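S.K.: Submitted below is the structure of interest, expressed as structure tokens.
Read-outs throughout are calculated quantities, based only on the coordinates presented, and are distinct from any laboratory measurement. Because the structure is a prediction, the values reported are computed rather than measured. No Cβ is skipped: glycine too gets one built from the backbone with ideal geometry, and neighbour counts run over all protein chains shown.
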Amino acid sequence: MKMEHVYEIVARLLVKEWLGTLTTEERTALESWSASSVRHRLLRERVTSREFLEEKLGEEERADRVAAWLAVEARLAFRRRSRVRRRVAGVAAVLALAVGAVFMAKESGDRVGGAAIAPGEIRAELTLASGAVFQLDSEARVSEVLAIAAGDGEEEGEERVHALRTPRGGEYSVALSDGTMVWLNAESLLVFPERFAGGERRVKFSGEAYFEVVRDASSPFRVEVNGAVVEVLGTSFNVRAYEGEGEMETTLTRGAVMVLAGGGSVVLAEGEQALVDGAGRLRKREVDAELRAAWKEGYFAFDRDRLERVMRDLARWYKVEVVFESPELKEISFTGAVKRYGDFDTIVRMLEMTGDTRFVISGNTIRIGK
């Protein structure tokens with residue numbers, strides 16, 4: 001039996017032991033595995049310890065706190081589907097993944113070197129129309145900065161345009177003047193007016209963001225991105241347009257949008273995605289829309305995505321550099337979901353179990369080989 005399959009079985013048995021649901025046969029199998037070597041016994045003692053359990057529960061709680069903070073300005077509670085998804089996945093699934101990762105790291109000689117790689121955080125830079133620059137974190141809101149700037153003598157005006165940028169390893173949310181909410185993923189830029197005027201609401205964007213647009217039939221909302229325009233009245237959608245990725249993606253979760261590019265246009269229904277290539281050609285397809293926006297809820301979620309795309313997302317969030325030892329490794333397909341605020345080593349071990357790959361971590365550089 002392959003090593004990773006053994007780890008998966010043992011991880012499941014340990015989770016069932018925590019839950020008190022082991023059968024007699026399963027308990028016998030677990031005891032046999034534990035007694036087969038001193039290393040197995042020590043590993044079992046570690047992952048069933050109170051300290052290990054508290055550590056993993058702490059990772060879950062941190063992810064939930066951050067996701068809740070990102071929804072503050074929207075005055076929204078978590079969607080019921082998000083709460084249900086967390087309960088279904090639950091602590092048991094997180095612990096099973098963590099246990100498997102511990103086994104793989106220890107049994108393989110612990111190939112990870114250097115300090116632990118930390119996940120991203122709530123962080124952004126706001127550049128006002130005046131040129132003044134403010135660093136934002138979980139203690140500073142865009143609305144508060146604008147209020148302070150106005151109090152310091154900044155002139156009000158309909159044409160005042162500001163820029164909000166998230167760095168590598170940063171995410172942020174902002175409420176626009178009409179109440180529209182925008183969540184920015186890492187390495188993204190939103191250019192927006194302090195107040196919308198005229199017959200339209202228009203912003204410019206690059207990177208990845210999730211929009212919840214307030215409906216206003218008299219003033220359509222338009223997002224300019226990479227030469228294309230996404231036009232809506234009131235709806236929720238995700239836009240991904242990173243430089244160097246070749247295609248812009250607009251994924252609709254609720255309502256309807258029109259995407260215009262290269263002289264053509266497509267109208268999206270819920271669960272559809274529009275893609276615009278570098279030449280402005282448009283096409284659309286059906287996708288799992290919630291999965292494509294899962295990053296906003298604190299998850300990395302992939303559905304038959306190329307390993308190159310997976311690693312780009314991880315690199316932006318964990319601020320690491322990725323090196324593929326051969327081009328064909330980029331084409332490996334991956335499906336799965338994991339917390340964005342979880343342990344990086346756990347994610348790496350999960351990826352290794354999925355494909356015929358080996359990850360070697362040195363400092364902040366990850367080399368991927370066969």
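S.K.: Give me the one-decimal nm value for the distance between modelled label points at residue 304 and residue 335, 7 Å along each residue's Cα-to-Cβ direction.
M.R.: Calculated label separation equals 0.8 nm.
S.K.: Right, another one. Computed from the mean reciprocal separation of all distinct C-alpha pairs, what Kirkwood hydrodynamic radius does the stretch 297-370 have, in Å?
M.R.: 12.3 Å
S.K.: Continuing with this model, one more query. How much net charge surrounds residue 222 when only the other residues with a Cβ under 10 Å from the Cβ of residue 222 are counted, with Lys and Arg +1 and Asp and Glu -1?
M.R.: That sum, taken over residues with Cβ under 10 Å, equals 0.
S.K.: Just the number: Rg to Rh for the stretch 158-197, Cα atoms, Kirkwood Rh, two decimals.
M.R.: Result: Rg/Rh = 1.01.
S.K.: Please work out the FRET efficiency for the pair residue 279 and residue 24, using the Cβ-Cβ distance as r and a Förster radius of 51 Å; give the result to the nearest 0.05.
M.R.: 0.20
S.K.: If you average 1/r across every pair of different Cα atoms in the stretch 233-284 and take the reciprocal, what Kirkwood value do you get, in Å?
M.R.: Result for the stretch 233-284, one decimal place: 11.1 Å.
S.K.: Provide 317, 33 in ascending order of the number of other Cβ atoms located within 10 Å of each residue's Cβ, fewest first.
M.R.: The order, fewest Cβ neighbours first, is 33, 317.
S.K.: Run the quick spin-label model on residue 125 and residue 197: label points 7 Å from Cα toward the beta carbon, then report their separation in nm to one decimal.
M.R.: It works out to 2.8 nm between the two label points.
S.K.: Just grab the label-to-label distance for residue 9 and residue 159, each label 7 Å out from Cα along the Cβ direction, in nm (one decimal).
M.R.: 7.3 nm
S.K.: Turning to a different aspect of this structure: Tell me, what is the FRET efficiency for residue 148 and residue 323 to the nearest 0.05, using R0 = 45 angstrom and their Cβ-Cβ distance as r?
M.R.: Here the calculated transfer efficiency is 0.55.
S.K.: Additional query: Computed over the Cα atoms of the stretch 224-344, what is the convex hull's projected area averaged over all directions, in nm²?
M.R.: 8.0 nm²
S.K.: Step through the table entries 204/284; 284/319; 319/370, compare each Cα-Cα distance with 25 Å, and write down the pairs that go over it.
M.R.: 284/319, as the Cα separations exceed 25 Å there.
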